[in-house]
Amino acid sequence: MSQADSIGALTLNLLGRKFRQGRPLFAPPAQSVRSYGAAYAEIWFPSGGCHFDAKGECTMCNYGRSRKVSAATMIEAVRAGLASLPIIPKTLWVSAFNVLDDREVSPEARRGIFAVLETTPVERVLLETHPLSVTTEKIQELQALIPGKSLGIELGIETMADFARKWCINKQLTKQEIRHAIATIQAAGAIPYVNLLIGTPFLSAAECLRETRASIEALLALGVRDICLFPTHVKEFTVVEQLARLNLYQPLPLWALVELLVSVPPETRCSLYYAWVTDVDHPGKPVSIPPRTGAEVYADVVSLLYAYLATRDDEQIARLAALRTPCRDEFCTRLAQKPASPLPQRILEGVEALCGSALPGHFERYKQEIIQEITNDWEIACQETHHQLC
């Protein structure tokens, strides 16, 4: 039985689908862009929707549920997006959910989009995709369509810890598959970008930061030099939202991102980016709660975070480190707190509570199988040399 077919994965997927019920369909806009000046911009184009979302994966994820569109509509959304940008940047993110998956973005759509991009002065095109959709053939085909430009492939892996990725995030993907995707991107001459989550459900604040630092080190060892940190937002119609309602999830404040940036050496920090620091508007956006700090210092924290991204000046990090407020003291206290129970027990209690609220009788029926699976997975995880959760 594959990981994706296990009773644990099937249970988490059932819960994910249950909590996504009721999401309204939205009509994709003609274009959706965000410009950050001459260095970077983003163009979102509609697609057939993320099929991993449809399965129920990703406990924190909800980018809306859009109507299916044609390849021509996808291509025109990119063309319209380019026309609306105030300046064409050096790096342009052009993406939907899973660009290299033919079920979501057809080869016809990809070719048409890249034919449009070839005519622009963009120096690097960045697209996002699932690691399982990465192939040498697809990468090489896109590279051939944009001669003279570099291609970045962004992978949302969230963590390099298989146990946390499976049980806390419900992304049914292994380290071996991640390593293969990264190596394939590198061998094809493209540039891997990797996304990591800060605020994984069921982990304590200290566990979150330890695991993120360990994931960063593992990715650097694989030759990845572009790592993007995503603070968790509590979004409507997600497992994370339901955990918060059950008092089983407490969002991490922006201080978690600050603490991580302060704690890593400058040579590591220069490979780190971050996104979704504030509330972000996008097509199909649900009600969501972004990470915060106390109101008295929030504007300063956000300003310094963006200033560091823009300048890479370590003075901005020093100023963040020097900020002292009651809300930061509260987070430091939270960092020092030890979990009341081992991680597998926290997850089992959470899954039981989620099932009780949405799948009556399911946990009782499969309890022993779920316990055995999570116990086996935990034993494997604790045998890993660099495991940070045991």
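The values are calculated or read from the model by the stated rules, or taken from the named source; none is laboratory data. Predicted model, so just to flag it, every value in this text is computed and none were measured. Note: ideal-geometry Cβ built from the backbone for every residue, glycine included; neighbour counts use all protein chains shown.
What to note about this one:
- Qualifying residue in region 12-25 (condition: closer than 29 Å to residue 370 by Cβ, at pLDDT below 95, surrounded by fewer than 18 Cβ atoms within 10 Å (Cβ to Cβ) and touching a Lys or Arg at 6+ places or on another chain (Cβ under 6 Å)): yes
- Flag if residue 367 is outside any helix (DSSP H, G or I) and charged (D, E, K, R): no
- Evaluation of residue 127 against (1) touching a residue at least 60 places away in the same chain (Cβ under 8 Å); (2) on the phi < 0 side of the Ramachandran plot; (3) touching a Ser or Thr at 6+ places or on another chain (Cβ under 9 Å) (one fails), failing number: (1)
- Test: residue 296 is assigned to a helix (DSSP H, G or I), touching a residue at least 24 places away in the same chain (Cβ under 8 Å) and either under 26 Å from residue 322 (Cβ atoms) or among the polar types (S, T, N, Q) (or both): yes
- Here residue 284 clears all of (1) among the small types (Gly, Ala, Ser); (2) modelled with pLDDT under 95; (3) surrounded by fewer than 16 Cβ atoms within 10 Å (Cβ to Cβ) except the condition numbered (3).
- In region 46-58, residue modelled with the lowest pLDDT [restricted to those that are over 21 Å from residue 164 (Cβ atoms) and part of a loop (DSSP other than H, G, I, E, B)]: 48
- Of all the criteria given as (1) surrounded by 21 or more Cβ atoms within 10 Å (Cβ to Cβ); (2) under 27 Å from residue 242 (Cα atoms), the one not satisfied by residue 174 is (1).
- Some residue of region 23-45 being of a type outside the set (Gly, Ala, Ser) and assigned to a helix (DSSP H, G or I): no
- For residue 13, the criteria (1) touching a helix residue (DSSP H, G or I) at 6+ places or on another chain (Cβ under 7 Å); (2) part of a loop (DSSP other than H, G, I, E, B); (3) not acidic (Asp, Glu) hold in every case but one, which is (2).
- Test: residue in region 9-19 that is in contact with a strand residue (DSSP E or B) (Cβ under 9 Å, 6 or more places away or on another chain) and not small (Gly, Ala, Ser): no
- Residue 346 being in contact (Cβ under 8 Å) with a residue 60 or more places away in the chain, within 23 Å of the chain's Cα centre (by Cα) and closer than 26 Å to residue 255 by Cα: yes
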